[in-house]
Each structure stands twice: as C-alpha cells, then as structure tokens.
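All remarks here apply to the structure that follows.
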Amino acid sequence: MILDKIYNEDCLVGMKSISDESVDCVVSDVPYLLVGGGCSEGEYRTAKGHKQPSGIMNRQRSYTKIAGNEHGHTLADGTKHVNLGGCMNDAVEDVRAGKMFAHNDIKFSDWLPDVYRVLKPNTHCYLMINSRNLKDLQTEAEKVGFKFQNLLVWDKGNGTPNKFYMQCLEFILLLRKGGERWINDMGSKNILRTPNIIGDKLHPTQKPISLMRHMIENSTNRGDIVLDPFMGSGSTAIACVQSERHYIGYEIDPQYYEVAQNRLKNETRQLLLF
Ligand SMILES: C[S@@+](CC[C@H](N)C(=O)[O-])C[C@H]1O[C@@H](n2cnc3c(N)ncnc32)[C@H](O)[C@@H]1O
C-alpha cells in the first residue's frame, strides 16, 4: 500500500488491499442519501411536474445551473455561488433522485466492516453525518464492533432558512476501536465552531481544512496514518499534509479525484516555498 495517495477507485475494492490493523485513525465525511427514497420531505414540483428538492437540495440545483450557463447566483441566505466547472453538470438528475452527488448510494454496512478491520486497536474513527442518518450510522457502526465515544457538533456558522429551524450544524460521530484512547488536547470542546466555506466550493460538501485538522491532530501523532475512504475534493488529505500525517484515500468520481489531485499539487508547492 502506497501512502500519501488518493486512489481513483471504489473504496470497497481499494480497502481490501489495506492490511488488518495498520491505520491509526479514520476521518471521513461519508456519503448518504439526503432524503429517503427521493424527495420525500420538503419536496415541491415544478410546472412540468418534476419533483424538486428544497433547502440544500435546491442549492445543488443552482450549482448545476451555474456550471452549465451562468456565472454566479445569490441565494436567499446571501450565499454566492459561482461557476464550479464541469464537475456539477450531470448532478441535477441525481438531486432529483434524492442524492447530493452522483455516488452516494453506498450503504453504511458495505464499508464499515473494512474501516473497522484496518484500524489498529485503541484508535478513533470520526464520521461526519447529518441528523437524519445519525442513528442508522451509529447502529451499523456498533454492529461491526465500534464503541460510541462522543457526539461532536460542527457549528457551521451559516445555514439556509428552514420552516423546521435552520440547518446550521452537522454531527460528527466519534467512535473507538478497542480500548480507550485520550485525545491530545483535552481542552477541546464537543462543539467545533468553524465557518463553513461560502462561495467557491469545489465539492458540494467540501469541508474546511481547519475542521479536519482539529480531529486529525487530536487523535493521531506526527507520522501516523489516516484513512478517508470518501475523499471528495481531498480536504482530509490536505489536512494530513499540513499536520504531517500520512494519508490513504479513495474517491470514486474521476472529476472530484482530479479536483483533489490539483489541490494536493498546490498544497505541496506551497509547502516547498516555505
Ligand atoms: C460527502 S463527500 C466528501 C466531501 C469531502 N469531505 C470534501 O471536503 O470534498 C463523499 C464522497 O464520496 C465519494 N464516494 C461515494 N461512494 C464512493 C465509493 N464507493 N468509493 C469511493 N468514493 C466514493 C463521492 O463521490 C463523494 O465525493
């Protein structure tokens, strides 16, 4: 297994090459369906009768529209969306099917066994998830042997107005394999206040590097190996480079894989300049 590499392949295939108990931590923003079975909640229909999602799902439409024809668009919450390039052009059909992006119909029970297998004993696993899928993820994680350690909240500092309260936070399930492991900074709060990325996002769920670093640096030491099976635009990998940790990652979508590669090249160039 080559370290410090993102593999453009299905993690279900790729992770089979990782040896048992060889990874020091897993940090991942995992794929999930935004609404069960399509646009069941908050949906509305267009004049042509197509189902259309609301809230963040509707934002995704604006991404795709912009990627196709427009240069920018300001949403009701003041968020400015700009052209993301070709990545998002095909996404509108997936959004209609209740998906955030093309590849997110993998089940938790598909990948959790390998994630558990490759972790060393007494290590942490951070899984980022929304409120709706939290219960299922925890249940499936406990089935493969993980122990619940804590529930962290990411306060994003922004959100879209919503009739059932604004969605301005996400959850991070902190699990452990084996015995207890203490975090490095015991003064860390379980509310992580990091502003969300506004505007030039390279991936619809791109996460701030500082958020990823916080988790990585609390549960690993320099030179340790971090796995992210769902790299997207590569935020976990960049956080590892900045924190001097090794990483192994997978991204099935060739366009996001390219985005991640470009970001990593820039990161290495910047490191060389200092
Ligand atoms: C929630 S996004 C991660 C975004 C990332 N946190 C970022 O900052 O860009 C999940 C990613 O997992 C990828 N994915 C879904 N199924 C996959 C699979 N079986 N193997 C590898 N990647 C997969 C999707 O293409 C998507 O980019």
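Structural remarks
- Condition met for Thr194 (within 13 Å of the ligand (Cβ to nearest atom) and of a type in the set (Ser, Thr, Tyr)): yes
- For beta carbons closer than 7 Å, sequence separation of 6+ or different chains, a first residue in segment 236-254 that is within 13 Å of Lys265 (Cα to Cα) and touching a residue at least 60 places away in the same chain (Cβ under 8 Å) and a second that is part of a loop (DSSP other than H, G, I, E, B) and within 12 Å of the ligand (Cβ to nearest atom), the qualifying pairs are Ala237/Met231.
- Consider segment 221-274 and keep the residues that are within 27 Å of Lys16 (Cβ to Cβ) and among the aromatic types (Phe, Trp, Tyr). The one that is farthest from the ligand (Cβ to nearest atom) is Tyr247.
- Here Ser188 meets the list (1) in contact (Cβ under 8 Å) with a residue 40 or more places away in the chain; (2) over 26 Å from Ile2 (Cβ atoms); (3) not hydrophobic (A, V, I, L, M, F, W, C) almost entirely, failing just condition (1).
- Hey, Gly86 modelled with pLDDT under 95, of a type outside the set (A, V, I, L, M, F, W, C), in the same structural domain as Ser210 (by TED's automatic domain parsing) and out of contact with any Leu (no Cβ under 7 Å at 6 or more places or on another chain) or not: no
The rows are residues; the columns are (1) within 18 Å of Cys11 (Cα to Cα); (2) in contact with a Gly (Cβ under 9 Å, 6 or more places away or on another chain).
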residue	(1), (2)
Asn196	no, yes
Leu202	no, yes
Leu211	no, no
His214	no, no
Val241	no, no
His246	yes, yes
Tyr250	yes, yes
Ala260	yes, yes
Arg263	no, yes
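The values are calculated or read from the model by the stated rules, or taken from the named source; none is laboratory data. The structure presented is a predicted model; accordingly, all values stated were derived computationally and were not measured. Neighbour counts run over all protein chains shown; Cβ positions are idealised from the backbone, glycine included.
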